[in-house]
Every structure is written in structure tokens, then in C-alpha cells.
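Visitor: Structure provided below as C-alpha cells; questions to follow.
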Amino acid sequence: MDFRQIRYFIEVATREHVTEAAHSLHVAQSSVSRQIVNLENELEVDLFIREGRRVHLTPIGKIFFERMKHAMNVIDDARREVKEYLDPEKGTIRITFPISLAAYTLPTVIYAFRLRYPEAKFQLKQALYQELIEGVIKGDFNLGLIGPLPLKEKKLEQKVLFTENIVALLPIHHRLAKESSVKLQELVDEPFVLLPKGFVFRDIVVNACQNLGFTPNVAFEGDDIDALKGLVSAGLGVTLMPEVTLVDSLPRSTVKIPLVEPSVTRAVGVITPKERALLPTEKLFYDFLQEFFTRLDDFKS
């Protein structure tokens, strides 16, 4: 089993198509097919189920795929670590993040970081909450911005960066639009617009309502924060969202109002793997994150 075989295997498994994998690898299809057959013969198992031009992993193939992805991540990290050891300010930071931190928080931090380290590079991946956690554990990424921080994840280190308020976003002509604050109970009969199931922020909203004895009436769902803003702007419902998502982009025909009784917050932080050390450039960014938000807190106070 050699490095080339593993590269070809991972590419075919990812694309589920030998021809497409060959095009991506810039080699002949016959070469890819031959290496896959050689690998299966060496391992004495079938890694793929062939269905015409398409292929699918067998059960043992799926296990092997996960192991090989982890192994390749370790090899890639080792190569990068050697390179970045010589010049960490020019390395690459791989980071994953949720949709709620995509519009303002992460771009603001990256902009500030690159003012100090202009030659640093980033590989960014937006992911759902559990995908984000699993990506850091498995080694697809070494850093993840996340909110709220996960509980009971023994394979992760976590650091709180800041705590943010959750606010109500209402149509401008809503009956509560001119209030200085809103009690969550006052929204019991309102139509809500929320993210789809599977988004952790939806769970935050639903749990806050259920703690007061009601389940929000979900009239519409939006695939991202901007979609929710648009639905509220159109007068189709109310929503709750992290205040940071409204810093630079409060939509037309809406108002944001602080929540009281209860106040709803979430802790936003950074997660890293316990079993792997951060690479030199990633360590620079990790330290910068803590410095950046500490200075931000000092400024606010």
C-alpha cells in the first residue's frame, strides 16, 4: 500500500466516480482503476461496489475511508508544520464556523489578523453545529469558532471568547415595535420565522420559549440568517437572533429590541482538538483570537 494508492482511493471515494476522480488527479482513468484494484487485492477486500460508471463504498470501504482521511490529515499537518516552522507568519489557518458567525464576527477577526500578518492564508468551511464539532475531532480542521460551546466533548479543548445577547427582530409596524424591551412571553401568539431543524440556534430559540411554557408557532423557515431577516422585513413573522448578526445589517422595515424576562445569551468560543497540537500559524491565530476579544471587552467596559 503506497501513498499514490491512498490518494487515488480517497479521490474516488469522495467523488464516487472513477472518471471524475481521474480528471481531478490529472491522470488516466485506467491508472486510477488499476491502483484501486491493486489496493483491493493487497487488502483482500472489496472497497467499492461498482454500478456502471459510478462506485459506492462497501461497509469496510467506509471504515477504511475514514481511517485514510485521518491519516492524510496527519500527513498534511506534518508537511505544513515543517514549512510553517520556518515562517509561521506565512502559513495557512484552516477554520470551520457556523452560519451565525459568518457575516460579521469571523470576517472582522480575519481582517484584523491580516493587518498584523498580511501573508497569512485561510481555508474556511461553514458547517452545521455537529458537523463542525466532528470536523475538528477528526482532523479536517484544527480550529472551530462555535456558539454555544459544546458540552461533554472530551476530545476538545474550548475557550470562551465572548458572550452575546439574543435579541428580538420584529417588523417595523409590529405592536411591540416601539417598546424599549420585549418579554419573550409577549411573543407567545406570534408567528415565528426560524432556521430549519438541525441548526443549533433554532434549538436555542425553541428551548427559551419552552422554558416559559410555550412552543413557538413556526410559520416560515429560512435557510440562513439573511433569509430570516427578509421574512421578518416582509412582515411574515418575528424571530430571535444573535445581536452580532445585526451589527452592520439591520434590514429595512424591521426593529431589533432587547429581550428581558428572560434575557437570552449564548457563549461564543473556539474549539481545538485535545489530541493534536495546533500548527504554528494556527497557534498565532488562536492567541490573536483571545487577545482580540479581550481588547474588545475592555473597550466596551
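The values are calculated or read from the model by the stated rules, or taken from the named source; none is laboratory data. Because the structure is a prediction, the values reported are computed rather than measured. Here the Cβ positions follow ideal geometry from the backbone for every residue, glycine too, while neighbour counts run over all protein chains shown. Surface accessibility is based on the protein's heavy atoms, side chains included, excluding ligands, DNA and RNA. Shrake-Rupley method; radii C 1.70, N 1.55, O 1.52, S 1.80 Å.
Visitor: Which sequence of L151, L124, L212, L194 reflects their accessible areas, 1.4 Å probe, from the largest down?
Guide: Largest to smallest exposure gives the sequence L151, L124, L212, L194.
Visitor: When the helices in the chain are scored as -39500 (n - 2.57) per DSSP H run of 4 or longer and the sum is shared across all residues, what 222 nm value do you end up with, to the nearest 500 deg cm²/dmol?
Guide: Helices in the chain give a 222 nm mean residue ellipticity of -13500 deg cm²/dmol.
Visitor: Now a separate question. Whole number please: convex hull volume per residue of the Cα set in the range 177-273, in Å³?
Guide: Expressed per residue, the convex hull around the Cα atoms of the range 177-273 is 119 Å³.
Visitor: Also, quick follow-up: Would you kindly derive the ³J(HN,Hα) couplings of the range 171-188 from the backbone phi angles with the Karplus curve 6.51 cos²θ - 1.76 cosθ + 1.60 (θ = phi - 60°), listing them in order in whole Hz, with x for Gly and Pro?
Guide: With the stated coefficients, the range 171-188 comes to x, 5, 9, 5, 4, 9, 5, 9, 6, 7, 7, 10, 7, 4, 4, 5, 9, 4 Hz.
Visitor: Averaging over every viewing direction, what projected area does the convex hull of the Cα atoms of the range 222-301 cover, in nm²?
Guide: 8.3 nm²
Visitor: Okay, moving on. Given the alpha-carbon gyration tensor of the range 30-75, what are the semi-axes of its equivalent ellipsoid in whole angstrom, ordered largest first, with each equal to the square root of 5 times an eigenvalue?
Guide: 19, 13, 11
Visitor: I'd like the orientation of helix 105-116 relative to the chain: the angle between its Cα long axis and the longest Cα principal axis, in ° from 0 to 90, rounded to 10.
Guide: 70 degrees
Visitor: Under a point spin-label approximation (7 Å from Cα along Cα-to-Cβ), what is the D87-R114 distance to one decimal in nm?
Guide: Those two pseudo-labels are separated by 1.8 nm.
Visitor: Separate question: To the nearest Å, what is the center-to-center distance of the range 236-301 and the range 59-133, using C-alpha atoms only?
Guide: Computed from Cα coordinates, the inter-centre distance equals 19 Å.
Visitor: Across 10 Å bins from the origin, how do the percents of Cα pairs in the range 46-100 run, short distances first?
Guide: That works out to 20, 27, 26, 21, 6, in percent per bin.
Visitor: Report the accessible area of D224, computed with a 1.4 Å probe over the heavy atoms of all protein chains in place, in Å² rounded to the nearest 10.
Guide: 60 Å²
Visitor: Further question on the same structure: Mind ranking T163, T108 by accessible surface for me, highest first, 1.4 Å probe?
Guide: From most exposed to least exposed: T163, T108.
Visitor: Follow-up. If exposed means no more than 16 neighbouring beta carbons inside 10 Å and the site is in a DSSP loop, what's the longest run of the chain without any exposed trypsin sites (Lys or Arg not before Pro)?
Guide: Longest gap between qualifying sites, sites excluded: 54-151.
Visitor: How much accessible area does F199 have with a 1.4 Å probe, in Å² rounded to the nearest 10?
Guide: Per-residue accessible area (F199): approximately 40 Å².
Visitor: State the percent of C-alpha pairs, over all pairs in the range 110-163, separated by a distance greater than 15 angstrom.
Guide: Counting every Cα pair in the range 110-163, those more than 15 Å apart make up 55 percent.
Visitor: Solvent-accessible area of D203, probe 1.4 Å, all protein chains present, reported in Å² to the nearest ten, please.
Guide: 80 Å²
Visitor: Under unit Cβ charges (Lys, Arg +1; Asp, Glu -1), what dipole magnitude, rounded to 20 debye, does the range 101-149 have relative to its Cα centre?
Guide: 200 debye
Visitor: Collect residues whose amide H, placed 1.01 Å from N in the peptide plane, falls under 5 Å from the amide H of L143; neighbours closer than 5 in sequence don't count.
Guide: Placed amide hydrogens put T96 under 5 Å from L143.
Visitor: Quick one: compute a quarter of the convex hull surface over the Cα atoms of the range 1-139 and quote it in nm².
Guide: About 10.4 nm², averaged over all directions.
Visitor: What order do S100, S24, S30 take when sorted by accessible area (1.4 Å probe), most exposed first?
Guide: Largest to smallest exposure gives the sequence S30, S24, S100.
Visitor: Can I ask one more? Strictly over 27 Å apart at the Cα level, which of K69/K229; K125/K256; K125/K159; K83/K154; K90/K155 would you flag in this model?
Guide: From K69/K229; K125/K256; K125/K159; K83/K154; K90/K155, over 27 Å: K69/K229; K125/K256; K83/K154; K90/K155.
Visitor: Mind listing the long-range amide H neighbours of N165? Cut-off is under 5 Å, sequence gap 5 or more, other chains count too, H placed in the peptide plane at 1.01 Å from N.
Guide: It is E243, by chain and number.
Visitor: Related question: Could you pull the Rg and Dmax for the chain, using just the Cα atoms, both in Å?
Guide: Rg and Dmax of the chain, Cα atoms, are 23.4, 72 Å.
Visitor: DSSP beta bridges in the range 120-244, what fraction antiparallel, as a percent rounded to 5?
Guide: About 45 percent, rounded to the nearest 5.
Visitor: Output needed: percent of Cα pairs per 5 Å distance bin for the range 104-229, bins running from 0 to the one holding the longest distance.
Guide: 2, 8, 15, 17, 18, 15, 11, 8, 5, 2, 0
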